[in-house]
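Chemist: Quick one: the structure is below, and I'll ask about it shortly.
The values are calculated or read from the model by the stated rules, or taken from the named source; none is laboratory data. For clarity, every value in this text was computed on a predicted model and none was experimentally measured. Backbone-built Cβ (ideal geometry, glycine too); neighbour counts: all protein chains shown. Just the protein is used for accessible areas: all its heavy atoms, side chains included, with ligands, DNA and RNA removed. Shrake-Rupley method; radii C 1.70, N 1.55, O 1.52, S 1.80 Å.
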Amino acid sequence: MKLIHNFKSPNFNERKSNNIEIIIIHYTALNSISSSLKYLCSKKNKVSSHYLISQSGKIYNLVSEKKRAWHAGQSYWRGNTDINSTSIGIELDYSPSEKNNKFSLKLNSALIFLLNKLIKKYKIRSENILGHSDIAPYRKVDPGKNFPWQMLENKKLSYSPQLINRVDFPNHLINKWFQKNKLNSIKKKTLFMLNFIGYDISLALKNKIYFNKLIEAYSNHYKLYKNYYYNKKKIYDVIELHFLNLILTNNRK
Ligand SMILES: [Zn+2]
């Protein structure tokens, strides 16, 4: 698959880190590839991404991987607030409210091709293949609830928590640990674990609307039920499994 270099964005600067360790997936929310090219390459908009993938599976390289493209905005992941400096941004030609409202087969295969290439090149961990909504859950919803995370998980291109042997980590031990740390409500435990996974929980701690947005961002990525209050237990179980997976694999940098 060839990359297209005919369009370049002037919107970038120097990275403040030499490590590229995160990939952020976005959608453009614009109605066509030509509007997206125009928008991302126009100086006045002050936004860009390294790559843009069209509905027909064409991959446009708009900013050199060496440079810091401007796609993440105000964001947070595991303490890092300058995601643009440590990531590659991929925009998808998709808008939930226009004709390009499907993640087409061609777009998906181009994305898989590009992810494979980047993951290999930069040795990016599957945990760090994220959506814009993961790193800015209170502001952003892209790549949206219909983005095929499952497809990426099946190809080992993004992370999904694995079932673990609960004999190794029995409930009473976890509960004792939560009690010791004064995490005595489901909400507190949920927020603690989401923060450990990587999410910014600052606004969710203070306000129920933001808390729901955070749960929605997590649920959209890990394909859970939308309404936290109807499916509290189920969502909690997945977050707990995710948390335990990370603790047990003990491979965090
Ligand atoms: Zn975005």
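Chemist: For the chain, what is the calculated [θ] at 222 nm in deg cm²/dmol (nearest 500), taking -39500 (n - 2.57) for each run of four or more DSSP H residues and dividing by its residue count?
Modeler: -11500 deg cm²/dmol
Chemist: Quick one: which residues, 5 or more positions from His50 or on another chain, have an amide H under 5 Å from its amide H? H modelled 1.01 Å from N in the peptide plane, none for Pro or chain starts.
Modeler: Gly89
Chemist: For the chain, just the Cα atoms, rotate onto the principal axes and tell me the three extents in Å, largest first.
Modeler: Cα spread of the chain along its principal axes, largest to smallest: 59, 36, 32 Å.
Chemist: Let me ask you something else. Report, in whole Å, the centroid distance computed from the Cα atoms of region 195-215 and region 66-132.
Modeler: Taking the Cα centre of each part, region 195-215 and region 66-132 sit 22 Å apart.
Chemist: How many angstrom lie between the C-alpha centres of region 19-33 and region 150-186?
Modeler: 29 Å
Chemist: Ok, one more. So between Phe196 and Lys223, what do we pick up on full extension, going 0.36 nm a residue minus the alpha carbon distance?
Modeler: 7.8 nm
Chemist: Now, a different point. Taking amide H positions as placed 1.01 Å from N in the peptide plane, with prolines and chain starts having none, which residues 5 or more places from Ser75, or on another chain, fall under 5 Å of its amide H?
Modeler: Here Ile83 satisfy the definition.
Chemist: Mind listing the phi-derived Karplus ³J(HN,Hα) values for region 53-63, rounded to whole Hz, using 6.51, -1.76 and 1.60 with θ = phi - 60°, and x for any glycine or proline?
Modeler: Working through the residues one at a time gives 10, 7, 4, 8, x, 7, 10, 9, 9, 9, 9 Hz.
Chemist: What number comes out for the charge environment of Asn101, summing +1 per Lys or Arg and -1 per Asp or Glu over other residues with Cβ under 14 Å away?
Modeler: Residues close to Asn101 contribute a combined charge of 0.
Chemist: For region 145-236, I need the span (max minus min coordinate) of the C-alpha atoms along each principal axis, in Å, sorted largest to smallest.
Modeler: Projected onto the principal axes, the Cα atoms of region 145-236 cover 39, 36, 24 Å.
Chemist: Using Cα pairs under 8 angstrom and six or more residues apart, how large is the relative contact order of the chain, in percent?
Modeler: Over the chain, the number comes to 20 percent.
Chemist: Under a plain spin-label model, where a point goes 7 Å from the Cα along Cα-to-Cβ, how far apart in nm are Phe113 and Ile186?
Modeler: A separation of 4.5 nm, rounded to one decimal place.
Chemist: What are the ³J(HN,Hα) values, in whole Hz, obtained from phi via the Karplus relation 6.51 cos²θ - 1.76 cosθ + 1.60 with θ = phi - 60°, for each residue of region 102-108 in sequence order, with x given for Gly and Pro?
Modeler: In residue order, the calculated couplings are 10, 8, 5, 4, 5, 4, 4 Hz.
Chemist: Now for a separate question. Please sort 156-164, 103-111 by packing, taking for each peptide the average over its residues of neighbouring beta carbons within 10 angstrom, highest first.
Modeler: On the way: 156-164: 15.8, 103-111: 17.8.
Most protected by this proxy first, the peptides run 103-111, 156-164.
Chemist: Something else about it: What does the C-alpha gyration tensor say about the overall shape of region 1-54? Classify as rounded when a/c is under 1.5, otherwise prolate if a/b is larger than b/c, or oblate.
Modeler: Here region 1-54 falls in the prolate category.
Chemist: Heavy-atom accessible area per residue, the chain, 1.4 Å probe: how many Å²?
Modeler: That works out to 52 Å² for each residue.
Chemist: Residue by residue through region 14-22, what is 3J(HN,Hα) from phi via Karplus (6.51 cos²θ - 1.76 cosθ + 1.60, θ = phi - 60°)? Round to whole Hz and write x for glycine and proline.
Modeler: With the stated coefficients, region 14-22 comes to 7, 5, 9, 8, 8, 8, 9, 10, 10 Hz.
Chemist: If you place +1 on the Cβ of every Lys and Arg, -1 on the Cβ of every Asp and Glu, and leave all else neutral, what size is the dipole of the chain about its Cα centre, to the nearest 20 Debye?
Modeler: Dipole size: approximately 240 debye.
Chemist: Next up: For the chain, give me the percentage of DSSP beta bridges that are antiparallel, rounded to the nearest 5 percent.
Modeler: About 35 percent, rounded to the nearest 5.
Chemist: Could you check the simple spin-label distance between Asp168 and Lys38, using points 7 Å along Cα→Cβ, in nm with one decimal?
Modeler: 5.4 nm
Chemist: Taking R0 as 22 Å, what FRET efficiency do you get between Trp177 and Asn212 from their Cβ-Cβ distance, rounded to the nearest 0.05?
Modeler: In this case the efficiency is close to 0.25.
Chemist: Can I ask one more? My understanding is that a pair violates if its Cα-Cα distance is over 18 Å; which of Lys2/Lys102; Lys2/Lys67; Lys38/Lys58 do that in this structure? Numbers along the way, then the final one.
Modeler: Details: Lys2/Lys102 23 Å; Lys2/Lys67 21 Å; Lys38/Lys58 16 Å.
Over 18 Å Cα-Cα: Lys2/Lys102; Lys2/Lys67.
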